[in-house]
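First the structure, in the form of structure tokens, and then the observations on it.
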Amino acid sequence: MSNIQFRTNFDGIPHLRSEHTQTPLPEPCHGQVLVKIHSVSLNYRDLEVVEGRYSHHKGGMHTDHPICPCSDMSGEIVDVGPGVTEWKQGDHVISIFLQAHQSGQVKQPFMATGMGYPLEGVLQQYRVFPASALVRKPAYLSHQEAACLPISSVTAWTALTGLQQVRAGDWVLLQGTGGVSLAGAQIAKAAGARTILLSGSDAKLERAKKELGVDVTINHKTTENWDEKVLEITNGVGVDHILEVGGKTTLLKSFNCIAFGGQISAIGYVSGKEPDPQTPINVNVLALIRNVTFKGILNGGKDKFEDMLKAFEANGIRPVVDKRLKFGEGDVKEAFEYLKSGGHFGKIVIDVVV
Ligand SMILES: NC(=O)c1ccc[n+]([C@@H]2O[C@H](COP(=O)([O-])OP(=O)(O)OC[C@H]3O[C@@H](n4cnc5c(N)ncnc54)[C@H](OP(=O)(O)O)[C@@H]3O)[C@@H](O)[C@H]2O)c1
């Protein structure tokens, strides 16, 4: 049998290439399983990896050999190594993002076990996994849907059920209509919370209301002072939770409209990583004077993932799949370009098995 996989040299989307290996498929060793990958979803991080912009260390990427990108997949176990008791051939499984993050808070050494960087990723037909680095796919979800969960949904889940658990009646602010924000909206609604969602597109805001039941929408392009609008909507109180994915241009506004004692979850930086010279801020003071919890969120452990799957199944939550593309060079490049354009609403999926 053969394996086709995509590889990147961190030099951009045009240079993503597929490689066909004719060698026999790897045999899983002790404690491992071989998975036939059915679907892969893209994350903002995968784009950063492919463009050589992703690193948790100063000084750029810390691997100089090409890598198979992407972390999130759903597939089927086709071979089981010795010592594996929890899985059998034919089980349907989803990958977890940091293979070593089984439970509790993320620890620094776990970062070395990130799928799709620094470990080999899932944009391929077959991959060996440690048996512990997978969760069971719920039967009600398709592989396309299940592949959307590991990074976006688990991160939103950790933010909303970690230090401060979202409660019925809370206000939750989501920024944009990417994977994390839409998952956050679904989780908040299922908990009985009220949601405010920002987007730069009226069409996307309309979809968010219609398809996800988001309570209030604000176009952050036409309402530049959206923080004031949020305060107006909440009678001057502010929101209880903010999933902060904007970073550079959104953080000060988030501090302006967080409720006293609320939580801002620092998740992403789609508006830029570097400080914004227009809005110099002192996070220390901003958090202190309103008793705000400012919490960095790095995905979530396997325990969080399994809790989330139970809650999703009980509430019939399905991740929003915006577009599905095929596992060919043209389609894969188009999928990454689409992610880069920001035109998507929810998740972009690559069907490895058609
Ligand atoms: N910490 C973690 O564990 C973790 C996990 C997942 C993701 N992240 C990070 O979280 C961020 C979002 O991830 P994602 O996968 O949801 O991304 P995504 O699917 O690419 O979505 C990003 C969305 O943000 C909005 N946006 C783009 N530029 C913006 C700007 N300048 N200001 C405000 N909104 C803007 C856009 O929505 P509209 O078109 O609707 O405006 C866009 O669709 C990324 O920075 C990612 O690296 C972190």
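Couple of notes before you dig in:
- Residue in region 122-129 that is more than 30 Å from Gly296 (Cα to Cα), surrounded by 18 or more Cβ atoms within 10 Å (Cβ to Cβ) and more than 21 Å from the chain's Cα centre (by Cα) present: yes
- Residues located in region 238-288, provided they are basic (Lys, Arg) and either open to solvent by less than 60 Å² (accessible area, probe 1.4 Å) or part of a strand (DSSP E or B) (or both): Lys248, Lys253
- Of all the residues in region 188-199, those that are open to solvent by 10 Å² or more (accessible area, probe 1.4 Å) and either β-branched (Val, Ile, Thr) or touching a residue at least 60 places away in the same chain (Cβ under 8 Å) (or both) number 1.
- Of the residues Ile196, Ile187, the single one that is part of a helix (DSSP H, G or I), in contact with a helix residue (DSSP H, G or I) (Cβ under 7 Å, 6 or more places away or on another chain) and either within 13 Å of the ligand (Cβ to nearest atom) or aliphatic (A, V, I, L, M) (or both) is Ile187.
- Some residue of region 130-147 being within 14 Å of the ligand (Cβ to nearest atom) and either touching a Phe, Trp or Tyr at 6+ places or on another chain (Cβ under 7 Å) or polar (S, T, N, Q) (or both): no
- Top-ranked residue in region 331-351 [being touching a Gly at 6+ places or on another chain (Cβ under 8 Å) and not small (Gly, Ala, Ser); ranked as nearest to Pro150 (Cα to Cα)]: Lys347
- Any hit, region 43-62, residues being in a strand (DSSP E or B) and either at pLDDT 95 or above or open to solvent by 50 Å² or more (accessible area, probe 1.4 Å) (or both): no
- Selected residue (criterion: surrounded by the most Cβ atoms within 10 Å (Cβ to Cβ)) from residues of region 289-308 that are within 14 Å of the ligand (Cβ to nearest atom) and in a loop (DSSP other than H, G, I, E, B): Gly300
- Listed by first and then second residue, the pairs with beta-carbon distance under 6 Å, at least 6 apart or on different chains, first residue in region 336-354 and on the phi > 0 side of the Ramachandran plot, second more than 7 Å from the ligand (Cβ to nearest atom) and open to solvent by 10 Å² or more (accessible area, probe 1.4 Å), are Gly346/Val320; Gly346/Asp322.
- The numbered conditions (1) assigned to a strand (DSSP E or B); (2) open to solvent by 40 Å² or more (accessible area, probe 1.4 Å) are all true for Pro109 except (1).
- Index of the failed condition, Val128 passing every other in (1) without any contact (Cβ under 8 Å) to a residue 24 or more places away in the chain; (2) outside any helix (DSSP H, G or I): (1)
- Taking residues in region 2-20 that are more than 14 Å from Arg127 (Cα to Cα) and without any contact (Cβ under 8 Å) to a residue 12 or more places away in the chain, and partners anywhere that are open to solvent by 30 Å² or more (accessible area, probe 1.4 Å) and not in a strand (DSSP E or B), the pairs with Cβ atoms closer than 8 Å and at least 6 places apart or on different chains are His15/Asn9.
The values are calculated or read from the model by the stated rules, or taken from the named source; none is laboratory data. Just so it is clear, the model here is predicted, and its values are computed rather than measured. Note that each Cβ is placed from the backbone with ideal geometry, even for glycine, and that neighbours are counted across all protein chains shown. Remember, those area values only see protein heavy atoms, side chains included, never the ligands or the DNA or RNA. Shrake-Rupley method; radii C 1.70, N 1.55, O 1.52, S 1.80 Å.
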